[in-house]
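One structure is given here, and the rest of the page talks about it.
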Amino acid sequence: MEKDFNSLKIDKGTALLPIGSVVTLDIVGQAVMIYGRKQKQANNESIWDYVACPYPQGHISDDTNVFFNHDQIKDVVFKGLETEGEIKVRKELERLMADNK
């Protein structure tokens, strides 16, 4: 039981993570910070769940943007701020994406 109390794991859940969340991915060798959701990559028509930049460096250039989907998240290191406004924006994004399917 003590092992459970000392766990630092943050469940990624199924909903989109807030802006500012820091995650690790198998496709990148370092942590990244989410700064956009439901994004199109310039040369690609696909809509990705997230766009992120290297953490702790931040946005360096468009060449360092990382586009990925929720299911590619390996671990959540830090979950971004979740205000009432954030929750409303997230629900609206999810509603819009459901309408477009």
- request: Tell me which residues, restricted to region 1-21, are loosely packed, with under 10 Cβ neighbours inside 10 Å and β-branched (Val, Ile, Thr).
  value: Thr14
task: Report, by residue number, each residue of region 30-60 that is over 22 Å from Ala15 (Cβ atoms), of a type outside the set (S, T, N, Q) and in contact with a strand residue (DSSP E or B) (Cβ under 9 Å, 6 or more places away or on another chain).
output: Pro54, Pro56, Gly58, His59, Ile60
task: Output yes when any residue across region 66-73 is over 14 Å from Gly20 (Cα atoms) and of a type in the set (S, T, N, Q), and no when none is.
output: yes
task: For region 15-42, enumerate the residues that are within 9 Å of the chain's Cα centre (by Cα) and of a type in the set (A, V, I, L, M).
output: Leu16, Leu17, Ile19, Val22, Val23, Val32, Met33, Ile34
message: I'd like to verify a number: residues in region 22-48 that are loosely packed, with under 11 Cβ neighbours inside 10 Å and of a type outside the set (A, V, I, L, M, F, W, C), how many?
response: 6
- request: Would you check if Val51 is among the aliphatic types (A, V, I, L, M), at pLDDT 95 or above, surrounded by fewer than 16 Cβ atoms within 10 Å (Cβ to Cβ) and out of contact with any Pro (no Cβ under 6 Å at 6 or more places or on another chain)?
  value: no
query: What about Arg37, is it in contact with a helix residue (DSSP H, G or I) (Cβ under 9 Å, 6 or more places away or on another chain), touching a residue at least 12 places away in the same chain (Cβ under 8 Å) and basic (Lys, Arg)?
result: yes
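The values are calculated or read from the model by the stated rules, or taken from the named source; none is laboratory data. For clarity, every value in this text was computed on a predicted model and none was experimentally measured. Glycine also receives a Cβ, built like all others from the backbone with ideal geometry; neighbour counts cover every protein chain displayed.
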